[in-house]
1. Report the residue count in segment 71-98 for those that are among the polar types (S, T, N, Q) and open to solvent by 80 Å² or more (accessible area, probe 1.4 Å).
2. Any idea which of (1) open to solvent by 50 Å² or more (accessible area, probe 1.4 Å); (2) assigned to a helix (DSSP H, G or I) is the one Glu101 doesn't satisfy?
3. Only helices (runs of 4 or more DSSP H) wholly contained in segment 1-76 count here; list those with 3 or more residues that are in contact with an Asp or Glu (Cβ under 9 Å, 6 or more places away or on another chain), at pLDDT below 85 and over 21 Å from Ile88 (Cβ atoms).
4. Look at segment 104-125 and say how many of its residues are in a loop (DSSP other than H, G, I, E, B) and either within 28 Å of Asn8 (Cα to Cα) or in contact with a helix residue (DSSP H, G or I) (Cβ under 8 Å, 6 or more places away or on another chain) (or both).
5. Please work out if Val49 is open to solvent by 30 Å² or more (accessible area, probe 1.4 Å) and either of a type in the set (Asp, Glu) or over 30 Å from Leu109 (Cα atoms) (or both).
6. Provide a single number: the residues in segment 77-98 that are part of a helix (DSSP H, G or I) and hydroxyl-bearing (Ser, Thr, Tyr).
Amino acid sequence: MFWSLPINTTVFTLWVLNAVLGSVGQLAFKAAAVDSLKDKHRSGWLRMVSRPYVWCGIFCYLAEFLLWIAFLSLVPLSAGVMLGSINIVAVMVLGRIIFHEKISLMRSLGIICISLGVAVVGLQG
């Protein structure tokens, strides 16, 4: 993957870390939201903000933001945004594994299309 892009170890590492942090951030926020469903009143929101999951998500998003800027400084924007779409696939698959969410036929097709798009952009110059 990425044969024609200006890919080196730094770019690849930034891309992978960005995908991991973005996915972990989304999953952490989902975990905090699921945990807070037990109490739909104001105290539920206060409890959600006090959960470590929320702070993990915030940390991941802040770190991802910095890594994203570094990544975009090394690759063309059009390629970077497409490559960043791999987070969508990771979150859907991990949401299925961790939260037992359903992946419909249309979502499965979406996962395939996004994955193919990332591969095409990675192989294209």
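The values are calculated or read from the model by the stated rules, or taken from the named source; none is laboratory data. Note that the structure is a prediction, hence the values are computed from the model and not measured. FYI the Cβ positions are ideal-geometry reconstructions off the backbone, even for glycines, and counts take in every protein chain you see. Side chains included, ligands, DNA and RNA excluded: accessible areas come from the protein's heavy atoms. Shrake-Rupley method; radii C 1.70, N 1.55, O 1.52, S 1.80 Å.
1. So the count comes out to 2.
2. Every condition holds for Glu101 apart from (2).
3. Where helices (runs of 4 or more DSSP H) fall fully within segment 1-76 and carry at least 3 residues being in contact with an Asp or Glu (Cβ under 9 Å, 6 or more places away or on another chain), at pLDDT below 85 and over 21 Å from Ile88 (Cβ atoms), they are 42-50.
4. Start the filter on segment 104-125 by keeping residues that are in a loop (DSSP other than H, G, I, E, B), which leaves 104, 124-125.
Still in the running and either within 28 Å of Asn8 (Cα to Cα) or in contact with a helix residue (DSSP H, G or I) (Cβ under 8 Å, 6 or more places away or on another chain) (or both): 124-125.
Adding up the residues that qualify gives 2.
5. Yes, satisfied.
6. The first filter runs over segment 77-98 and keeps only residues part of a helix (DSSP H, G or I), leaving 77-84, 86-98.
Those left that are additionally hydroxyl-bearing (Ser, Thr, Tyr): 78.
Total meeting the criteria: 1.
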